[in-house]
Ligand SMILES: [Zn+2]
């Protein structure tokens, strides 16, 4: 049985297991007059539906809708099993759902993404398991095909939808009475990953920095993150993350100081201690987000040399 923690009268936190670090992901149950709203659905592991049926049976009211904050497998992967377990319909950011279809709905995605990493200088040893384990990964991503699209300003169960692009292009949060259900937009202790991928917008880091500044303006007093404990001062956390990325931007500039470098080479400079292939791929995607930010600022240029893309300072 998944652990459930009562945070307030109208918010409960459900902790779901993940087979990879950080080992867990939080979903949230929000109470409204018509029943519970489940925010995020975890990874679509084989026993998820049965576990959620047991969870729902123990609630004092039905789950009447499911909201997905963003398209990453540990948040959207369980959406279809959650819908089956609860009988509820799924609500998801409009752009986020489109990207879900284009990425997880494409059977050729592992090949496309492996080729794309190769074009950014990534060795085959780092991309091999994308192809070898692609079907297994895909079996855990059971997103909902039919969803109600959500956009900035929509109301859901008395909470307001806020678009917070960056960690994912179509990432949304829910805001009510100074509390923000934040998905992975803000996390305690770790910097939410921001990466460029084949189907992503060109400058996700620029979007993320804008969403951090927006968080400071919105000034929530509490954030409920997808991983880790509630964040007591979300604006302060947003400022820390802005500072963190300013440091990374400077380090990316230094990594280009000797001339042209690929996204993979810059990732080695920014994340020298990363060893595991999956973590290295995140590092490459994040290095590319910094390189594209520098390109948007006119401080770097992207060049194609044959089949390999590199960046030069300017
Ligand atoms: Zn995420």
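Where a number appears in this text, it was derived from the coordinates with a stated rule and is not lab data. Being a predicted model, the structure only gives us computed values, none of them experimental. Neighbour counts run over all protein chains shown; Cβ positions are idealised from the backbone, glycine included.
General observations
- For segment 165-192 and segment 44-93, distance of Cα centres in Å: 19
- Relative to the current alpha-carbon distance between residue 299 and residue 152, full extension at 0.36 nm per residue lengthens the span by 49.7 nm.
- Overall, the anisotropy analysis places segment 144-211 in the oblate class: the square-rooted eigenvalues a ≥ b ≥ c of its C-alpha gyration tensor yield a/c not less than 1.5, with a/b not exceeding b/c.
- Computed extension gain for residue 217 through residue 8, at 0.36 nm per residue and net of the alpha carbon distance, reaches 72.8 nm.
- The chain: calculated mean residue ellipticity at 222 nm from DSSP helix runs of at least 4, using -39500 (n - 2.57): -12000 deg cm²/dmol
- Segment 46-85: C-alpha gyration tensor shape, a/c 1.5 cut-off, then a/b vs b/c: oblate
- According to the calculation over all Cα-Cα pairs in segment 127-245, the P(r) per 5 Å bin from zero is 2, 11, 18, 21, 18, 14, 9, 5, 2, 0 %.
- Efficiency of FRET between residue 244 and residue 108 - r from beta-carbon atoms, R0 51 angstrom, step 0.05: 0.90
- Potential lengthening between residue 115 and residue 84 on full extension [0.36 nm per residue; Cα-Cα distance subtracted]: 7.6 nm
- Of all DSSP beta bridges in the chain, antiparallel share, percent nearest 5: 65
- Largest to smallest principal axis extent of the C-alpha atoms in segment 126-180, angstrom: 46, 26, 16
- For the chain, modelled as a GNM whose springs connect Cα atoms under 10 angstrom apart, the maximal fluctuation among 285, 61, 82 occurs at 61.
- Anisotropy class of segment 236-309 from Cα gyration tensor, a/c 1.5 cut: oblate
- Between segment 12-35 and segment 108-140, the Cα center-to-center distance that results, in Å: 29
- Spread of Cα-to-Cα distances over 10 Å intervals beginning at zero, given as percent, for the chain: 6, 27, 34, 23, 8, 2, 0
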